[in-house]
Structures are given as C-alpha cells and as structure tokens.
Amino acid sequence: MSTQMAPAASALKKTALNATHRAMKAKMVDFGGWDMPVEYPCPGGGLIAEHIAVRTAVGLFDVSHMGEIQFRGKGSLAAVQHITMNDASRLKDGQAHYSALLTPQGTFVDDILVHRLAENDYLLVVNAGTKDKDFAWIRQQVGGWPGIHLNDYSSYYSQLALQGPRALETLKKLTATDLSGIKNYWFAWGTVAGVRNTLIARTGYSGEDGFEVYIPSDEATTVKVWDAVLDAGAEFGIRPCGLGARNTLRLEAGMSLYGHEISEEINVFEGGLTHWLKLDKGEFIGRAALMAVQEAGGPNRKIVGLEMVERGIARDGYPVLSLHGELLGQVTSGSPAPFLKTNIAMALLPVAAAGGEDVLVEVRGSRVRAKQVPLPFYKRPKKQS
C-alpha cells in the first residue's frame, strides 16, 4: 500500500477563479493536482441541477486547468502530423479537430484538440492531469526537429466553457463576433465582455452545442468574464457547473475520458475512436502497430455501452461478467444519467461478447443485470428548420 500523502489544499494548483468558487461555496476536490469545483450548492442545485441546465438551457464551466501547447515555425505541420493520429494537413485557418498523441503501440499518451491558428502555427489543448507528461513527451519526439518552436502557454490562459442550447444566446450578449458563423470545431478571435483577442471556439465536452473561450489568466480578467457570462445567462437559467456534471454529461454523450476509455493500455480500435484515425495520411507514431491490428482482423476488445436493467450503479472498475458468471472485463466509466433518468456505463469487453446478450455487473458483491446498448447514450436533438 502506498504511503504517499495526498497534497494539502495549499499545495494544489489553482485557477484564477479559485477564490470565486470558494465564495460560491462550491465543493472543491483535488483533480489531477488542481483544486477544482465538483459542484455548487445553488438553491435547488448540485450536480443533477447543473447537468439538466446544460441539457435544457446553459451551464458555465471553469476549465482553466486544461493545458495549451503551441507549435510555431515552418516545421510545425510535419511535427504535429508525426505525433498525432488525425490529419492536421486538412485543417484550415480557424479550424480545430479532435485527435490524440499515441504511443508506438497505438495506445494513448493523451487525447487532444488541435487548432490551426495560421500557417505554421498550431495550438494543442491537452488534459490537465497529463499536461506536464504530454509536453515532455512532445519535446522528446520532435523538440529537436528544425524549424519548430514549442511553448507551454498553459499558465497564460483561462478557459471557460459555455455549454447548452442557450449558450449562443448567452454569449452573443457579450461579443460583436458573429457566433452563428462559427461552425462546430471552428473558432474565431473577438472581444468578449470587453476582453480583446479572445479565442472563441465552438467546441465542448458535454454533447451539447457551446463555446470554449480562452482569455488571459489574470484573476481580474477571468473573474470579469465569468461574472459577465453568469449575468448574461441569468434569463435562461444559467448555472455554474463543476467537474461532476462535466463527467456525467460526457458519459451520457458517450465521450471518452483519459485513464478510463482511453489509456496507455487501450489502443485506438479498442477505444472506438477510429473516426479520427487517419491511417492513410502517412507515417506517424503508432501507425505501424495499428496497421498490424487492422491486418490481423481488428482488435480483440472494444468499448461498449451498458444500461442497468436491475437496481444498481455500475461504477468505474467494477467487474463485468457473462450471464453464466464468466469474467469478461470491467466498467471503464459508470454513473447515474441525470437527463436520461437511468444508470449507464461504458465497459471494455471482448469483441466476441460485445453487442450481444445481457451481462452482469458486480456491484458491491451483488451481480446486477445490464443490457448492451449503442453509443452514444444521448444525442442532442437536431435543430428544426
């Protein structure tokens, strides 16, 4: 058993909104070494109310703990292509895409967003808990290449996420930028709440429409924009949202989480992220291993969706068994689904057992029946024309 002590609250990293979260009486937790809000005790609030607000109206998240790594120079595209699985050569100025850094085995160093700021200028957004590891790994792989300037700009940015069907109406009160002209996975530069040179991206991690805005990380600027967004969204029932709702929202939407559905032990095929895998773009780290998996007939395991049939919550790490009691795999993520009003999970199972009959999840010593269902569990309604 490890004797390592958890870091004291004073040793945790803090976003520029830390004092604001505490003044709002948010429940704070250690998340990857950051002191972050998991939920807010608003009147009638908490995780479920925050989740429902994002599905039906709008929610505001502080995601300033995420990392930002910039590539500049004439060798930038070649470097990004070498270390990521998607095809960055297809990006236009002002466009972003989902991608991943892979190991030589075709498993995950991290999943990321790649933004093309301009020719020879790319911004990679990485997960908070893996930022230092990612930056060290990137420098090891391409840091010595000519024509590349790598910079970790994570401390320069605060990142706020407005998510939900009323996100556009909320944000447009604060900017003259034509938000309706920013398509999904595109971005623009504009002024938000008086803060110039703000990057406004139509991206998110909730399964809803929304925006992520990148502003200077000083406390005064960040608090100013946070407060302005909450004021602008008040008429729509906006709620500040913590990491708890962020997790249940992404799970309902079938979105992967590093360390759960994707890791250094799970390859791209197993993780179900082949939509963003571009094997035909040329050589990149992990390609040879993934080509070998493909040529061998595909993976032996895959991520599947589960919906609990009997009473019980499938939590991360719980064993998954066949109806005959044979151990098949384990839950990678599981929780109640507040909007769908059921208990759901994702699990890594053998391909032979995937998509077929019901399974059993071992919940605190009891075997609870679950049915396999397609992913994602939730898709946002299409806009009416």
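The values are calculated or read from the model by the stated rules, or taken from the named source; none is laboratory data. Every value quoted in this text rests on a predicted model; they were computed, and no experiment measured them. When we count neighbours, we look across all protein chains shown, and the Cβ atoms used for this are built from the backbone with ideal geometry, even at glycine.
Report whether or not A100 is within 20 Å of the chain's Cα centre (by Cα) and closer than 19 Å to G282 by Cβ.
So A100 fits the description; yes.
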Restricting attention to the stretch 283-306, report how many residues are outside any helix (DSSP H, G or I) and either in contact with a strand residue (DSSP E or B) (Cβ under 9 Å, 6 or more places away or on another chain) or among the aliphatic types (A, V, I, L, M) (or both).
-> 12
Expected output for the stretch 341-353 (first residue closer than 14 Å to G272 by Cβ, partner among the charged types (D, E, K, R) and assigned to a strand (DSSP E or B), Cβ below 8 Å, 6+ apart or cross-chain) is L348/R301; L348/K302; L349/R301; L349/K302; V351/R301; V351/K302
Hey, V293 at pLDDT 95 or above, among the aliphatic types (A, V, I, L, M), more than 30 Å from L91 (Cβ to Cβ) and touching a helix residue (DSSP H, G or I) at 6+ places or on another chain (Cβ under 9 Å) or not | no
Determine which member of the set D110, D87 is touching a helix residue (DSSP H, G or I) at 6+ places or on another chain (Cβ under 7 Å) and closer than 30 Å to E219 by Cβ.
-> D110
Whichever residue in the stretch 105-148 is β-branched (V, I, T) and farther than 12 Å from L77 by Cα and, among such residues, is farthest from the chain's Cα centre (by Cα) | I138
How about the stretch 91-140: which strands (runs of 3 or more DSSP E) wholly inside it have at least 2 residues that are farther than 18 Å from L277 by Cα and at pLDDT 95 or above?
-> 108-118, 121-126
Hey, does the stretch 31-47 have a residue that's free of Cβ contacts under 8 Å to residues at least 60 places away in the same chain and under 30 Å from G298 (Cβ atoms)?
-> no
Report the residue count in the stretch 212-224 for those that are hydrophobic (A, V, I, L, M, F, W, C), in contact (Cβ under 8 Å) with a residue 24 or more places away in the chain and surrounded by fewer than 22 Cβ atoms within 10 Å (Cβ to Cβ).
-> 1
Residue list for the stretch 232-255, restricted to those being free of Cβ contacts under 8 Å to residues at least 12 places away in the same chain and not small (G, A, S) = E235
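Aromatic (F, W, Y) and farther than 14 Å from G94 by Cβ: which single residue out of Y205, Y185, Y214 fits that description?
Details: Y185 fails: farther than 14 Å from G94 by Cβ; Y214 fails: farther than 14 Å from G94 by Cβ.
Going through Y205, Y185, Y214 in turn, just one is aromatic (F, W, Y) and farther than 14 Å from G94 by Cβ: Y205.
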A253 meets each of (1) of a type outside the set (S, T, N, Q); (2) in contact with a Pro (Cβ under 9 Å, 6 or more places away or on another chain); (3) at positive phi with one exception, condition (3)
Given the structure, is S256 small (G, A, S), buried (at least 16 other Cβ atoms within 10 Å of the Cβ), modelled with pLDDT of 95 or more and under 30 Å from Q140 (Cα atoms)?
-> yes
